[in-house]
1. Can you check how the C-alpha radius of gyration of the chain compares to 2.2 N^0.38 Å, as a plain ratio?
2. Taking neighbour Cβ counts within 10 Å as the exposure measure, how do Lys263, Lys90, Lys193 sort from fewest upward?
3. Could you derive backbone 3J(HN,Hα) for the range 157-164 from the dihedral phi with the Karplus parameters 6.51, -1.76 and 1.60 (θ = phi - 60°), listing whole Hz in sequence and x where the residue is Gly or Pro?
4. Taking a 24 Å limit on the Cα-Cα distance, which of the listed pairs Lys150/Lys184; Lys50/Lys90; Lys240/Lys296; Lys150/Lys313; Lys50/Lys193 fall beyond it?
5. Using a Gaussian network model of the chain with C-alpha springs under 10 Å, which one of Ile279, Ile267, Ile113 is most mobile by mean-square fluctuation?
6. Would you mind computing, in nm to one decimal, how far apart the modelled labels at Lys150 and Leu9 are, each placed 7 Å from Cα along Cα→Cβ?
7. Taking Cα atoms, how many degrees apart are the long axis of helix 269-295 and the longest axis of the chain, rounded to 10 and kept between 0 and 90?
8. Given the -39500 (n - 2.57) contribution per DSSP H run of 4+ residues, what per-residue ellipticity at 222 nm results for the chain, rounded to the nearest 500 deg cm²/dmol?
Amino acid sequence: MTDFIDTGLPIPLGWFAVAYSNELAPGDVQPLYVFDQHLVLFRTESGEAKLLEAFCPHLGAHLGHGGKVVGEHIACPFHAWEMNGAGEIKHIPYATAMPKRAQQGACMHSFPIQERNQMIWAWYHPRGLAPTWDIEDIPEFSDPDWSELKTWEWEFNSCIQETGENAVDIAHFVYVHNAQTMPKANIELDGHKRSTDMITLGPVIDDAGNMDMSRTEEMHLLSRNIGPGMSCQVFSRAFKTVLMGTITPITASRVKLRFAFTKPKNISEIFNVYTDGLIQEIVNQVQHDMPIWEHKIYREDPILCDGDGPIAKYRRWFAQFYDDGADETPVRLVK
Ligand code: FES
Ligand SMILES: [Fe+2]
C-alpha cells in the first residue's frame, strides 16, 4: 500500500538545471540521477562541464563512483578506460588496438550542456534529439553590483507541468497562500517562452521606503519562463530582488526545485528588510504548496469556473514539451 501518486505525465523535453556552477570544480566527478536515469557529471581540467550516461561501455561500472578526470577525459574506476565528454572511448591503457565499436563513434550518450546564470544546464530529449532553443541570461546574475545568490532547494513528488500551473492558478493564492485579494494574471505565449504579469494590491510604499497602510497600489510580479525548466521573476516596488527558479525532473513524478535570489548590493536598510521579508514569504509559499502537489492527481479534463486563471491556456503551451515522437523537429510552436 502506498500513497504515491503517479500523474501519468511523461518527462518533458528541455533545458534543466543539474547543478550550480560552483558545486563542480575542474576535476570534480559526481554521480547524478535525473531524467529517470543514472548519469555522471564532471568538469574537465580546462573547465568544461560534461554530462554522460553513467555506465561504462566496457563492463558497466558507474563512472560517477570513483571515476577520475584526466585532462579532458573521464577515466573509469574499473579498468581505467578513458572517455571524452562526447562519450567516445579515447584511451585503453592495456589494449594494443582500439576495439572496432570504439572506432565507430560515441559509445555513451552525452547531453548538450550550457552554463548560464551560475548554473549548469543539460538538454533532455526522450529520443536524444538536439536542442531547439537556448537558456537565456538573467543580467543581474552576472552583475557585480548584485549580491551572491541566496539559494533554497526542495525535492518532492510532483511533475513540472503541475508545479508550473501554480503561477496561473490565481484562486489558490487566496486559499493556500492567504492573499488578501484575488490576483490578476495576464499570460503571453511566444513559442517556448511564456511571460506572466501578476497584479496584486498592497499598501503604498514611497521612494524612501515609508509604508502607508491606508492606501493601496498595484504590485506587478513579472515572470518569464524559458521552456519548462527555468523561470525568472522580477519583483516591483520596495522588493528589490530577482529570483531564478529551476525545476528538474528526477523521474516523471518526482522533481527538484531550486530558488536562487540576488539583490542589489547598495540598497538602504529598509529596502533590505522589505526584500528579505518577501524572499522569506516566497520560500514559505513553497511549503504551503508542497502538500497539495504531493497528494493531488492530475485531472486532464478539469471542471473550471470563470474565476479561475488561464489554466487551459497554460496547458496548451506546456503540451509542446511532450515529445509526440512523430517528427524530427519535436517542438511545435504554440501561439
Ligand atoms: S568497466 Fe569501465 S573500464 Fe572496465
Ligand atoms: Fe502556490
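1. 1.12
2. The order, fewest Cβ neighbours first, is Lys193, Lys90, Lys263.
3. 7, 5, 9, 5, 4, 5, 5, x
4. Lys150/Lys184; Lys240/Lys296; Lys150/Lys313; Lys50/Lys193
5. Of Ile279, Ile267, Ile113, the most mobile in the Gaussian network model is Ile267.
6. About 3.0 nm separates the two model spin labels.
7. It works out to around 70 degrees.
8. -4500 deg cm²/dmol
Coordinate-derived values only; no laboratory data. All of these numbers come straight from a predicted model, not from anything done at the bench. Note that each Cβ is placed from the backbone with ideal geometry, even for glycine, and that neighbours are counted across all protein chains shown.
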